[in-house]
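First the structure, in the form of C-alpha coordinates, and then the observations on it.
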Amino acid sequence: MGRMTRRTFTLATAGTLAGFLALRQAEADSAAYGPAGEGGGVAAGRAAARDGLRGTWISTVGNLDWPSGPGLPPAEARQELSGLLDEAVRYRLNAVFLQVRPTADAFWPSPHEPWSAWLTGTQGKDPGWDPLDFAVRAAHDRGLELHAWFNPYRIALHDDPSRLAAEHPARRQPEWVVSYGGRLYFNPGIPEVRRHVQNAMLHAVENYPVDGVHFDDYFYPYPVQGETFDDDAAFARHGGTFTDRGDWRRENVNLLIREVQQRVREVRPGAVFGVSPFGIWRNSGTDPKGSRTSGLQTYDDLYADTRRWVREGRLDYVLPQVYWHIGHSAADYAELVPWWSAVAEGTGVRLYIGEALYKVGDPAQPEQWSDPAELSRHLTFCRDHPQVAGHVFFSAAKVAADPLGAMSRVREDHYQEPAASSAAAREDTPGR
(Lines give C-alpha, C1' and ligand atoms only; values in the text may rest on other atoms or scores of the structure.)
Protein backbone atom coordinates (compact mmCIF):
# COMPACT_ATOMS: atom_id res chain seq x y z
CA MET A 1 0.00 0.00 0.00
CA GLY A 2 1.36 3.40 -0.95
CA ARG A 3 2.25 5.93 1.68
CA MET A 4 -0.32 8.68 1.82
CA THR A 5 0.82 12.22 1.22
CA ARG A 6 0.47 14.70 4.06
CA ARG A 7 -2.52 16.42 2.43
CA THR A 8 -4.20 13.16 1.42
CA PHE A 9 -3.66 11.69 4.84
CA THR A 10 -5.05 14.72 6.64
CA LEU A 11 -8.06 15.15 4.39
CA ALA A 12 -8.83 11.47 4.15
CA THR A 13 -8.65 10.79 7.86
CA ALA A 14 -8.69 14.00 9.85
CA GLY A 15 -7.31 11.36 12.15
CA THR A 16 -6.58 13.34 15.32
CA LEU A 17 -7.91 16.23 17.29
CA ALA A 18 -5.15 18.22 15.68
CA GLY A 19 -5.98 16.86 12.25
CA PHE A 20 -9.62 17.78 12.70
CA LEU A 21 -8.72 21.36 13.55
CA ALA A 22 -6.16 21.46 10.77
CA LEU A 23 -8.84 20.33 8.35
CA ARG A 24 -11.16 23.10 9.50
CA GLN A 25 -8.34 25.59 9.04
CA ALA A 26 -7.50 24.21 5.61
CA GLU A 27 -11.11 24.49 4.55
CA ALA A 28 -11.25 28.06 5.82
CA ASP A 29 -8.04 28.96 4.03
CA SER A 30 -9.04 27.27 0.84
CA ALA A 31 -12.64 27.20 -0.04
CA ALA A 32 -14.01 24.40 48.55
CA TYR A 33 -11.80 21.18 47.96
CA GLY A 34 -9.79 18.82 50.14
CA PRO A 35 -6.00 18.79 50.28
CA ALA A 36 -4.24 18.24 47.00
CA GLY A 37 -3.14 14.80 48.13
CA GLU A 38 -6.72 13.57 48.18
CA GLY A 39 -8.28 11.92 45.16
CA GLY A 40 -11.08 13.38 43.12
CA GLY A 41 -14.75 13.09 43.89
CA VAL A 42 -15.19 10.02 41.70
CA ALA A 43 -12.24 8.13 43.12
CA ALA A 44 -9.48 9.31 40.91
CA GLY A 45 -9.93 8.28 37.35
CA ARG A 46 -9.94 4.51 37.61
CA ALA A 47 -12.04 2.83 34.97
CA ALA A 48 -14.38 0.46 36.77
CA ALA A 49 -13.43 -3.16 36.22
CA ARG A 50 -16.98 -4.10 35.25
CA ASP A 51 -17.61 -1.36 32.72
CA GLY A 52 -14.28 -0.01 31.55
CA LEU A 53 -13.73 3.62 30.74
CA ARG A 54 -16.53 5.20 28.69
CA GLY A 55 -15.58 8.76 27.92
CA THR A 56 -15.87 11.76 25.68
CA TRP A 57 -13.69 14.76 24.97
CA ILE A 58 -15.07 18.27 25.52
CA SER A 59 -13.03 20.48 23.21
CA THR A 60 -12.89 24.21 23.94
CA VAL A 61 -10.40 25.37 21.32
CA GLY A 62 -12.23 27.16 18.57
CA ASN A 63 -15.39 26.75 20.66
CA LEU A 64 -15.69 23.34 19.03
CA ASP A 65 -17.82 21.74 21.77
CA TRP A 66 -18.08 24.25 24.60
CA PRO A 67 -18.75 27.05 25.12
CA SER A 68 -20.70 27.42 21.89
CA GLY A 69 -19.22 30.87 21.45
CA PRO A 70 -17.09 33.38 23.31
CA GLY A 71 -18.73 35.87 25.63
CA LEU A 72 -21.68 33.76 26.77
CA PRO A 73 -23.29 34.93 30.02
CA PRO A 74 -22.03 32.69 32.85
CA ALA A 75 -25.46 31.18 33.46
CA GLU A 76 -25.77 30.20 29.80
CA ALA A 77 -22.25 28.76 29.67
CA ARG A 78 -22.94 26.70 32.78
CA GLN A 79 -26.21 25.49 31.31
CA GLU A 80 -24.48 24.41 28.09
CA LEU A 81 -21.81 22.48 29.96
CA SER A 82 -24.40 20.87 32.21
CA GLY A 83 -26.25 19.78 29.08
CA LEU A 84 -23.16 18.04 27.68
CA LEU A 85 -22.60 16.29 31.01
CA ASP A 86 -26.23 15.21 31.07
CA GLU A 87 -25.85 13.77 27.58
CA ALA A 88 -22.78 11.83 28.72
CA VAL A 89 -24.86 10.29 31.48
CA ARG A 90 -27.74 9.60 29.08
CA TYR A 91 -25.41 7.60 26.84
CA ARG A 92 -24.10 5.79 29.95
CA LEU A 93 -20.59 7.21 29.88
CA ASN A 94 -18.51 7.62 33.03
CA ALA A 95 -15.82 10.18 32.18
CA VAL A 96 -15.25 13.47 30.40
CA PHE A 97 -11.97 14.97 29.26
CA LEU A 98 -12.36 18.75 29.47
CA GLN A 99 -9.87 20.93 27.60
CA VAL A 100 -8.84 23.54 30.17
CA ARG A 101 -5.59 24.87 28.67
CA PRO A 102 -6.12 24.83 24.90
CA THR A 103 -3.77 27.64 23.82
CA ALA A 104 -1.42 28.52 26.70
CA ASP A 105 -4.36 30.05 28.52
CA ALA A 106 -6.68 28.94 31.30
CA PHE A 107 -10.24 27.98 32.14
CA TRP A 108 -9.50 28.71 35.80
CA PRO A 109 -7.89 31.69 37.58
CA SER A 110 -4.23 30.96 36.92
CA PRO A 111 -1.21 32.94 38.16
CA HIS A 112 0.80 31.62 35.22
CA GLU A 113 -1.28 32.31 32.09
CA PRO A 114 -4.23 34.51 31.13
CA TRP A 115 -7.90 33.64 30.98
CA SER A 116 -8.80 31.94 27.73
CA ALA A 117 -10.22 33.97 24.87
CA TRP A 118 -12.50 31.05 24.07
CA LEU A 119 -14.45 32.04 27.19
CA THR A 120 -14.93 35.78 26.70
CA GLY A 121 -13.57 36.64 23.26
CA THR A 122 -10.71 38.59 24.87
CA GLN A 123 -7.69 36.78 26.21
CA GLY A 124 -7.03 37.75 29.81
CA LYS A 125 -10.56 38.98 30.49
CA ASP A 126 -12.05 37.58 33.69
CA PRO A 127 -15.28 35.74 32.82
CA GLY A 128 -16.67 36.38 36.29
CA TRP A 129 -16.80 32.74 37.31
CA ASP A 130 -14.54 29.69 37.60
CA PRO A 131 -15.35 27.20 34.81
CA LEU A 132 -13.04 24.45 36.06
CA ASP A 133 -14.49 24.64 39.57
CA PHE A 134 -17.99 24.36 38.16
CA ALA A 135 -17.05 21.56 35.77
CA VAL A 136 -15.44 19.37 38.43
CA ARG A 137 -18.39 19.76 40.78
CA ALA A 138 -20.99 19.25 38.07
CA ALA A 139 -19.26 16.15 36.70
CA HIS A 140 -18.78 14.56 40.10
CA ASP A 141 -22.38 15.31 41.05
CA ARG A 142 -23.38 13.16 38.06
CA GLY A 143 -20.97 10.34 38.86
CA LEU A 144 -18.63 11.33 36.02
CA GLU A 145 -14.86 11.53 36.23
CA LEU A 146 -13.38 14.87 35.16
CA HIS A 147 -9.99 14.65 33.49
CA ALA A 148 -8.23 17.96 32.88
CA TRP A 149 -6.99 18.10 29.29
CA PHE A 150 -3.95 20.29 28.61
CA ASN A 151 -2.05 21.20 25.45
CA PRO A 152 1.57 21.66 26.54
CA TYR A 153 3.18 23.69 23.77
CA ARG A 154 0.52 25.34 21.61
CA ILE A 155 0.23 29.11 22.16
CA ALA A 156 -2.08 30.40 19.45
CA LEU A 157 -3.85 29.45 16.22
CA HIS A 158 -2.32 32.57 14.66
CA ASP A 159 1.24 33.87 14.42
CA ASP A 160 0.88 37.44 15.74
CA PRO A 161 2.27 37.79 19.30
CA SER A 162 0.73 41.28 19.59
CA ARG A 163 -2.71 39.64 19.65
CA LEU A 164 -1.85 37.84 22.88
CA ALA A 165 -2.71 39.35 26.25
CA ALA A 166 -0.07 41.83 27.38
CA GLU A 167 0.78 39.66 30.39
CA HIS A 168 1.07 36.45 28.37
CA PRO A 169 4.38 34.64 29.04
CA ALA A 170 4.95 34.38 25.30
CA ARG A 171 5.11 38.18 25.15
CA ARG A 172 7.23 38.48 28.27
CA GLN A 173 9.62 35.79 27.00
CA PRO A 174 9.57 36.05 23.19
CA GLU A 175 12.70 33.91 22.97
CA TRP A 176 10.55 30.95 24.08
CA VAL A 177 8.32 31.21 21.01
CA VAL A 178 8.52 29.63 17.55
CA SER A 179 6.24 30.71 14.71
CA TYR A 180 5.42 27.78 12.47
CA GLY A 181 2.68 27.08 9.97
CA GLY A 182 0.82 30.28 10.81
CA ARG A 183 0.68 29.41 14.51
CA LEU A 184 2.70 30.08 17.66
CA TYR A 185 4.31 27.40 19.82
CA PHE A 186 6.49 27.23 22.89
CA ASN A 187 9.89 25.77 22.01
CA PRO A 188 10.08 22.34 23.72
CA GLY A 189 13.89 22.45 23.63
CA ILE A 190 14.20 25.25 26.19
CA PRO A 191 14.35 23.99 29.80
CA GLU A 192 12.63 27.13 31.11
CA VAL A 193 9.71 26.39 28.79
CA ARG A 194 9.39 22.89 30.17
CA ARG A 195 9.28 24.28 33.72
CA HIS A 196 6.75 26.93 32.78
CA VAL A 197 4.28 24.63 31.06
CA GLN A 198 4.47 22.16 33.94
CA ASN A 199 3.88 24.90 36.52
CA ALA A 200 0.95 26.24 34.53
CA MET A 201 -0.70 22.83 34.24
CA LEU A 202 0.09 21.57 37.74
CA HIS A 203 -1.49 24.66 39.30
CA ALA A 204 -4.87 23.30 38.24
CA VAL A 205 -4.02 19.80 39.46
CA GLU A 206 -3.00 21.12 42.87
CA ASN A 207 -6.07 23.29 43.33
CA TYR A 208 -8.92 21.21 41.87
CA PRO A 209 -9.81 17.56 42.58
CA VAL A 210 -9.49 16.45 38.98
CA ASP A 211 -9.46 12.73 38.29
CA GLY A 212 -6.70 12.87 35.73
CA VAL A 213 -4.20 14.86 33.69
CA HIS A 214 -4.57 14.37 29.96
CA PHE A 215 -2.49 15.32 26.92
CA ASP A 216 -3.64 14.77 23.35
CA ASP A 217 -1.54 14.32 20.21
CA TYR A 218 0.09 17.76 20.06
CA PHE A 219 3.77 17.79 20.94
CA TYR A 220 6.06 19.23 18.28
CA PRO A 221 3.66 20.56 15.66
CA TYR A 222 2.33 18.58 12.74
CA PRO A 223 4.58 18.99 9.69
CA VAL A 224 3.81 21.85 7.33
CA GLN A 225 5.24 21.42 3.84
CA GLY A 226 7.94 23.94 2.99
CA GLU A 227 8.38 25.20 6.55
CA THR A 228 11.05 24.58 9.17
CA PHE A 229 10.53 24.62 12.92
CA ASP A 230 13.29 27.02 13.88
CA ASP A 231 14.96 25.65 16.99
CA ASP A 232 18.54 26.15 15.80
CA ALA A 233 19.51 28.39 18.72
CA ALA A 234 17.94 26.08 21.28
CA PHE A 235 19.68 23.05 19.78
CA ALA A 236 23.04 24.86 19.79
CA ARG A 237 22.59 25.90 23.43
CA HIS A 238 20.84 22.88 24.93
CA GLY A 239 21.61 20.02 22.56
CA GLY A 240 24.44 18.70 24.71
CA THR A 241 25.93 15.55 23.24
CA PHE A 242 23.08 14.95 20.79
CA THR A 243 24.19 14.88 17.18
CA ASP A 244 20.76 14.04 15.76
CA ARG A 245 18.18 16.80 16.20
CA GLY A 246 15.30 14.36 16.03
CA ASP A 247 16.70 12.37 18.96
CA TRP A 248 17.16 15.60 20.91
CA ARG A 249 13.58 16.70 20.20
CA ARG A 250 12.24 13.33 21.31
CA GLU A 251 14.24 13.56 24.53
CA ASN A 252 12.77 17.01 25.21
CA VAL A 253 9.30 15.50 25.09
CA ASN A 254 10.42 12.42 27.05
CA LEU A 255 11.60 14.74 29.83
CA LEU A 256 8.24 16.50 29.89
CA ILE A 257 6.39 13.18 30.18
CA ARG A 258 8.64 11.83 32.94
CA GLU A 259 8.54 15.04 34.96
CA VAL A 260 4.76 15.52 34.65
CA GLN A 261 4.17 11.92 35.72
CA GLN A 262 6.29 12.45 38.83
CA ARG A 263 4.75 15.79 39.72
CA VAL A 264 1.18 14.56 39.31
CA ARG A 265 1.92 11.69 41.67
CA GLU A 266 3.39 14.16 44.17
CA VAL A 267 0.63 16.78 44.17
CA ARG A 268 -2.42 14.55 43.64
CA PRO A 269 -1.58 10.88 44.08
CA GLY A 270 -5.14 9.79 43.30
CA ALA A 271 -5.11 11.27 39.79
CA VAL A 272 -4.01 9.42 36.67
CA PHE A 273 -1.80 10.73 33.87
CA GLY A 274 -2.29 9.70 30.28
CA VAL A 275 -1.78 10.67 26.67
CA SER A 276 -4.00 10.34 23.61
CA PRO A 277 -1.54 10.17 20.71
CA PHE A 278 -2.10 10.03 17.01
CA GLY A 279 -2.85 6.39 16.26
CA ILE A 280 0.36 5.47 14.42
CA TRP A 281 3.67 5.28 16.31
CA ARG A 282 5.74 4.17 13.31
CA ASN A 283 4.96 2.25 10.16
CA SER A 284 6.49 -1.20 9.80
CA GLY A 285 8.10 -0.02 6.59
CA THR A 286 10.15 2.37 8.72
CA ASP A 287 10.62 0.20 11.79
CA PRO A 288 9.82 -3.53 12.09
CA LYS A 289 8.35 -2.83 15.54
CA GLY A 290 5.79 -0.53 13.93
CA SER A 291 2.28 -1.23 12.71
CA ARG A 292 1.34 -2.38 9.22
CA THR A 293 0.20 1.08 8.26
CA SER A 294 1.27 3.85 5.92
CA GLY A 295 0.85 7.32 7.34
CA LEU A 296 2.20 10.06 9.52
CA GLN A 297 4.33 8.76 12.39
CA THR A 298 4.33 10.25 15.87
CA TYR A 299 7.93 9.16 16.48
CA ASP A 300 9.32 10.81 13.36
CA ASP A 301 6.92 13.67 12.68
CA LEU A 302 5.82 14.84 16.15
CA TYR A 303 8.90 13.62 18.02
CA ALA A 304 6.73 11.72 20.50
CA ASP A 305 8.00 8.23 21.33
CA THR A 306 4.64 7.01 22.54
CA ARG A 307 5.56 3.33 22.42
CA ARG A 308 8.51 3.94 24.74
CA TRP A 309 6.32 5.77 27.25
CA VAL A 310 4.06 2.75 27.47
CA ARG A 311 6.82 0.16 27.61
CA GLU A 312 8.62 2.13 30.35
CA GLY A 313 5.44 2.74 32.37
CA ARG A 314 5.65 6.52 32.05
CA LEU A 315 1.85 6.72 31.75
CA ASP A 316 -1.09 5.36 33.69
CA TYR A 317 -2.98 4.88 30.45
CA VAL A 318 -2.55 5.41 26.74
CA LEU A 319 -5.50 6.38 24.57
CA PRO A 320 -4.47 6.22 20.91
CA GLN A 321 -6.72 8.02 18.47
CA VAL A 322 -7.60 5.13 16.17
CA TYR A 323 -9.76 7.33 13.99
CA TRP A 324 -10.11 5.02 10.98
CA HIS A 325 -12.68 2.48 9.92
CA ILE A 326 -12.19 -1.26 9.91
CA GLY A 327 -10.50 -2.10 6.62
CA HIS A 328 -8.92 1.32 5.94
CA SER A 329 -6.17 0.72 3.41
CA ALA A 330 -3.50 2.86 5.07
CA ALA A 331 -4.50 2.72 8.74
CA ASP A 332 -6.81 -0.20 9.49
CA TYR A 333 -8.60 -0.12 12.85
CA ALA A 334 -8.28 -3.91 12.88
CA GLU A 335 -4.49 -3.58 12.57
CA LEU A 336 -3.91 -0.79 15.05
CA VAL A 337 -5.97 -2.10 17.98
CA PRO A 338 -4.02 -5.41 18.13
CA TRP A 339 -0.75 -3.50 17.69
CA TRP A 340 -1.48 -1.19 20.63
CA SER A 341 -2.73 -4.17 22.66
CA ALA A 342 0.61 -5.90 22.19
CA VAL A 343 2.48 -2.73 23.17
CA ALA A 344 0.48 -2.32 26.38
CA GLU A 345 0.48 -5.98 27.39
CA GLY A 346 2.46 -6.63 30.55
CA THR A 347 3.25 -2.98 31.23
CA GLY A 348 0.53 -2.10 33.75
CA VAL A 349 -0.44 0.80 31.46
CA ARG A 350 -4.12 0.70 30.64
CA LEU A 351 -5.20 0.87 27.01
CA TYR A 352 -8.23 2.86 25.92
CA ILE A 353 -9.16 3.52 22.29
CA GLY A 354 -10.13 6.92 20.89
CA GLU A 355 -13.12 6.68 18.56
CA ALA A 356 -13.96 8.99 15.63
CA LEU A 357 -17.63 9.64 16.31
CA TYR A 358 -17.24 12.94 14.47
CA LYS A 359 -16.81 11.10 11.17
CA VAL A 360 -20.16 9.34 11.32
CA GLY A 361 -22.53 10.67 8.68
CA ASP A 362 -19.96 13.08 7.24
CA PRO A 363 -20.22 12.87 3.44
CA ALA A 364 -16.56 13.84 3.14
CA GLN A 365 -15.53 10.60 4.85
CA PRO A 366 -15.28 7.10 3.33
CA GLU A 367 -18.58 5.30 2.85
CA GLN A 368 -18.03 3.09 5.90
CA TRP A 369 -18.84 6.10 8.09
CA SER A 370 -22.30 6.27 6.52
CA ASP A 371 -23.12 3.01 8.28
CA PRO A 372 -24.51 3.72 11.77
CA ALA A 373 -23.16 0.35 12.94
CA GLU A 374 -19.49 1.07 12.14
CA LEU A 375 -18.72 2.52 15.55
CA SER A 376 -20.49 -0.31 17.37
CA ARG A 377 -18.46 -2.81 15.35
CA HIS A 378 -15.31 -1.20 16.73
CA LEU A 379 -16.37 -2.00 20.29
CA THR A 380 -17.36 -5.51 19.26
CA PHE A 381 -13.94 -6.01 17.67
CA CYS A 382 -12.22 -4.85 20.87
CA ARG A 383 -14.01 -7.52 22.92
CA ASP A 384 -11.52 -9.98 21.46
CA HIS A 385 -8.64 -7.85 22.77
CA PRO A 386 -8.84 -7.92 26.56
CA GLN A 387 -6.06 -5.36 26.88
CA VAL A 388 -8.58 -2.74 25.70
CA ALA A 389 -10.14 -1.30 28.86
CA GLY A 390 -12.44 1.32 27.40
CA HIS A 391 -13.26 3.83 24.69
CA VAL A 392 -13.42 7.64 24.42
CA PHE A 393 -15.50 9.38 21.75
CA PHE A 394 -14.62 12.59 19.91
CA SER A 395 -16.38 14.67 20.76
CA ALA A 396 -19.05 15.71 23.28
CA ALA A 397 -21.15 17.76 20.88
CA LYS A 398 -21.30 14.74 18.57
CA VAL A 399 -22.31 12.49 21.44
CA ALA A 400 -25.22 14.83 22.04
CA ALA A 401 -26.05 15.02 18.32
CA ASP A 402 -25.94 11.22 17.89
CA PRO A 403 -25.23 11.26 14.12
CA LEU A 404 -27.14 8.52 12.28
CA GLY A 405 -28.04 7.12 15.68
CA ALA A 406 -24.51 5.76 16.03
CA MET A 407 -24.16 6.56 19.74
CA SER A 408 -27.60 5.14 20.39
CA ARG A 409 -26.41 1.96 18.66
CA VAL A 410 -23.29 1.87 20.88
CA ARG A 411 -25.46 2.30 23.96
CA GLU A 412 -27.88 -0.42 22.90
CA ASP A 413 -25.18 -2.88 21.88
CA HIS A 414 -22.54 -2.26 24.54
CA TYR A 415 -23.68 0.10 27.30
CA GLN A 416 -26.97 -1.48 28.25
CA GLU A 417 -26.47 -0.77 31.95
CA PRO A 418 -25.59 2.59 33.51
CA ALA A 419 -21.85 3.01 33.87
CA ALA A 420 -20.40 2.30 37.28
CA SER A 421 -18.32 5.15 38.62
CA SER A 422 -14.68 4.37 39.14
CA ALA A 423 -14.84 3.56 42.82
CA ALA A 424 -11.98 1.15 43.29
CA ALA A 425 -8.34 2.17 43.50
CA ARG A 426 -6.29 0.81 40.65
CA GLU A 427 -4.19 -1.53 42.72
CA ASP A 428 -3.26 -3.66 39.74
CA THR A 429 -1.05 -1.00 38.18
CA PRO A 430 2.63 -1.19 39.21
CA GLY A 431 4.25 1.95 40.53
CA ARG A 432 1.17 3.52 42.07
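Annotations
- With R₀ fixed at 45 Å, the C-beta to C-beta distance from Ser408 to Ala342 puts the FRET efficiency at about 0.90.
- Those GluC sites (Glu not before Pro) in the range 325-421 that DSSP places in a loop and that have at most 14 other beta carbons within 10 Å: Glu345
- Take the Cα of Glu312, step 7 Å toward its Cβ, do the same at Ala75, and the gap between the two points is 5.2 nm.
- Here is the list for the range 248-324: GluC sites (Glu not before Pro) lying in DSSP coil, each with at most 15 other C-beta atoms within 10 angstrom of its C-beta, are Glu312.
- 5 Å-binned pair-distance histogram of the range 254-305 (Cα, whole percent): 5, 19, 21, 17, 12, 13, 8, 5, 0
- Unit Cα scatterers, Debye sum, the chain: log10 I(q)/I(0) for q = 0.07, 0.14 Å⁻¹: -0.30, -1.41
- The range 127-252 shape via C-alpha gyration tensor axes, a/c threshold 1.5: prolate
- Using a simple spin-label model with pseudo-atoms 7 Å out from Cα toward Cβ, Ser68 and Trp129 lie 1.5 nm apart.
- Computed label-point distance, nm, for sites Asp86 and Asp287 using a 7 Å Cα→Cβ extension: 4.7
- Here the gap between Gln225 and Thr243, fully extended at 0.36 nm per residue and compared with their Cα-Cα distance, gives a gain of 4.1 nm.
- When you filter the chymotrypsin sites (Phe, Trp or Tyr not before Pro) in the range 193-294 for DSSP loop state and at most 16 other Cβ atoms inside 10 Å of their Cβ, you are left with Phe242.
- Calculated on alpha-carbon atoms, Rg and Dmax of the range 68-176 in Å: 15.0, 48
- Reducing the range 362-420 and the range 154-182 to their Cα centroids gives an inter-centroid distance of 38 Å.
- DSSP bridge pairs, the chain: antiparallel proportion in percent, nearest 5: 15
- Only protein heavy atoms count here; on that basis, with a 1.4 Å probe, Thr347 has an accessible area of about 30 Å².
- Accessible area in square angstrom per residue, the chain, 1.4 angstrom probe: 37
- Computed extension gain for Arg163 through His385, at 0.36 nm per residue and net of the alpha carbon distance, reaches 75.1 nm.
- Computed over the chain, the per-residue total of -39500 (n - 2.57) for DSSP H runs of n ≥ 4 gives a 222 nm mean residue ellipticity of -10000 deg cm²/dmol, rounded to 500.
- Anchor Lys289: lysines whose Cα lies under 28 Å away (excluding residues fewer than 8 positions away in-chain): none
- Counting only protein heavy atoms and a probe of 1.4 Å, the accessible surface of the chain is 47% carbon and sulfur.
The values are calculated or read from the model by the stated rules, or taken from the named source; none is laboratory data. Predicted model, so just to flag it, every value in this text is computed and none were measured. Cβ atoms come from the backbone with ideal geometry, glycine included; neighbour counts cover every protein chain shown. Each accessible area value is taken on the protein alone, full model and side chains, heavy atoms only, with ligands, DNA and RNA left out. Shrake-Rupley method; radii C 1.70, N 1.55, O 1.52, S 1.80 Å.
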